[in-house]
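Quick notes on the structure that follows.
Just so it is clear, none of the values below were taken in a lab; they were calculated from the coordinates. Since the model is a prediction, treat every value here as computed from it, not as a measurement. So basically every Cβ, Gly included, is an ideal-geometry build from the backbone, and we count neighbours across all protein chains shown.
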Amino acid sequence: MSRISRLLVVPFAVLALAGGVVATAAAAPKQPSEPFFPRSGNRGYDVKHYDVNLGYQPRSGMLTARDVVEARATTGLRKFSLDLDGLKVTSVSVDGEAAEYSRGRGKVKIVPATRITKGEAFTVELRYQGTPRKVIDPDGSTEGWYRTKDGAVAVGEPVGTAAWLACNNAPRDKASFDIEIAVPAGVKAVSNGRLVSRHRVGGRVRWSWSEPKPMATYLALVDIGNGKLVQGHVGKLPTWTLVDPQLAKASRAAIGSLPEIIRWESHIYGPYPFAAAGSVVDVAKLEYALETQTRPIYAFAPDRTTVVHETAHQWFGDSVSLERWPNIWLNEGLATWTQWYYAEQHGGRSAQQVFAELYRRPASATGFWDPPSGHPGQAKNLFAVSTYVRGAMTLQALRTKIGTHDLLRILRTWATERRYGHGDIEDFIALANRVSGEHLRGFFHRWLFERGKP
Ligand code: ARG
Ligand code: ZN
């Protein structure tokens, strides 16, 4: 795991890597459903909004939750389920009426008192509590609810959010979020979007955060701990940043460059998609950063290139989201290429130099070329080296073929036309053809779907 995680920490470190990732072969597949996490999510409804109230005791690790889920049925529902790992559910109601419920593996199964008809809007209210746990991913990394020395951090890519939130845990179902977290006075609690209010109630403080733009569940953030919550702005965009005091010094420069990075990325990709920004830096043995919507979380003192990467995800991944996990290249390839282009534009090596150096890797370099970025094959390969590096090389090779101007136009159009929505690799290829006026299907096939060195 650490080999791959290191890449997320210092993407250029891949130059020193050799991994053991092997994948199955393939033609460009158009898969109708989610093959990697078939147990996650429910297609019977579409969530519009989550209104979440959490209470957390850092000392005991005890969480209490009230979760109000506003959804619309996509089919008639006599019963339905939400994803929730562990925790004890104490009540469930649907449209204000007590509902029958039971637990299945990773699920709360709900039978409403009255059947819900297709197209009907309905509201589920759940109460649950317990000690949320961390989740080990297919690739061996940790996510879910991670306890720190002074609080906790919740990160959810790809499926960890169900450790603390009863939700429709699939990126195809995005929703707006209001997340309120009550913690002992003195401790900070940070989530996505803007800070709406902060109220002291007895010995506790309730922090209310709101993210009105559609957000995939894996991008939900909770960070609880010590530090100074600093409010600032980038032009008119408000920012909130919480840095663990232990990492304050080491992260100051990179975190301080966020405004400049947001301006630069807005310049090349179009307006920053959200109404808030910021950063969270916390001490946790996660070994990666995550592009939690509006406010990435860094489980270490980040360097500037990592901030560039997570900020690029606000356009690619957060605003324009995956429909299915095998399309992960659209997140990681685009964010990694952005790092290379940023370096080039800021006095570093050119993206082409980076590409050329990497392209010298022999066809026999195991774990470098495979699995092909557009076809990770298995869940454990989602964050493989090739997803990131071959993925970014694909865009650089495209740049060589069609020119910088057209490549940037493709990326900007992708971010603009699909803002707050979804896209898959086939859509991206179609857009590239349209913008460049070329037939790029063969090119993309070789770079994204064929095994071995392209
Ligand atoms: N999307 C994150 C990043 O770009 C990486 C998340 C890794 N998660 C995992 N379960 N391995 O940098
Ligand atoms: Zn990434």
Which FRET efficiency, nearest 0.05, do residue 365 and residue 253 yield, Cβ-Cβ r, R0 30 Å?
0.35
Is the shape of segment 308-378 rounded, prolate or oblate, going by the alpha carbon gyration tensor and its root eigenvalues a ≥ b ≥ c, with a/c under 1.5 for rounded and a/b larger than b/c for prolate?
oblate
Treating only Lys and Arg (+1) and Asp and Glu (-1) as charged, each at its beta carbon, one finds that segment 27-109 has a dipole about its Cα centre, in Debye to the nearest 20, of 340 debye
Simple SL model, points at 7 angstrom along Cα→Cβ for residue 90 and residue 400; separation in nm is 6.2 nm
Sequence ranges 384-395, 264-275, 171-182, ranked by mean other-Cβ count within 10 angstrom, highest first:
384-395, 171-182, 264-275
At 0.36 nm per residue, minus the direct Cα-Cα distance, what do residue 60 and residue 123 gain on full extension? Give it in nm, one decimal, please.
19.6 nm
Ranked highest first by the average count of other Cβ atoms within 10 Å around their residues, in what order do 343-351, 230-238 fall?
343-351, 230-238
What residue among 297, 215, 235 has its Cα farthest toward the positive end of the dipole of segment 177-308, where the charges are +1 on Lys, Arg and -1 on Asp, Glu, each on the Cβ?
235
For the chain, what is the relative contact order in percent, using Cα pairs closer than 8 Å and at least 6 residues apart in sequence?
16 percent
Run the quick spin-label model on residue 136 and residue 446: label points 7 Å from Cα toward the beta carbon, then report their separation in nm to one decimal.
4.2 nm
Segment 226-270, relative contact order in percent, only Cα pairs under 8 angstrom and at least six apart counted:
30 percent
Residues of segment 49-77 with amide N under 19 Å of a point placed 7 Å along Cα→Cβ from residue 149
58-61
Given 213/249; 88/213; 109/134; 188/213; 174/249; 109/188, the pairs whose alpha carbons are separated by over 26 Å:
213/249; 88/213; 174/249; 109/188
Estimate the FRET efficiency between residue 408 and residue 204 by the formula 1/(1 + (r/R0)^6), using the beta-carbon distance for r and 41 Å for R0, to the nearest 0.05.
0.25
With each label point set 7 Å from Cα along the Cα-Cβ vector, what nm distance links residue 246 and residue 275?
3.6 nm
Students often check this: by mean Cβ neighbours within 10 Å, which of 308-318, 187-197 ranks highest, and how do the rest follow?
308-318, 187-197
Cα centre as origin, Lys/Arg/Asp/Glu Cβ charges: segment 243-384 dipole, Debye
220 debye
Only Lys, Arg, Asp and Glu count, each charged at its Cβ (+1, +1, -1, -1), so figure out the dipole size of the chain about its Cα centre, rounded to 20 debye.
420 debye
Provide the gained length on full extension for the span residue 350 to residue 424, in nm with one decimal, where the gain is 0.36 nm per separating residue minus the Cα-Cα distance.
23.8 nm
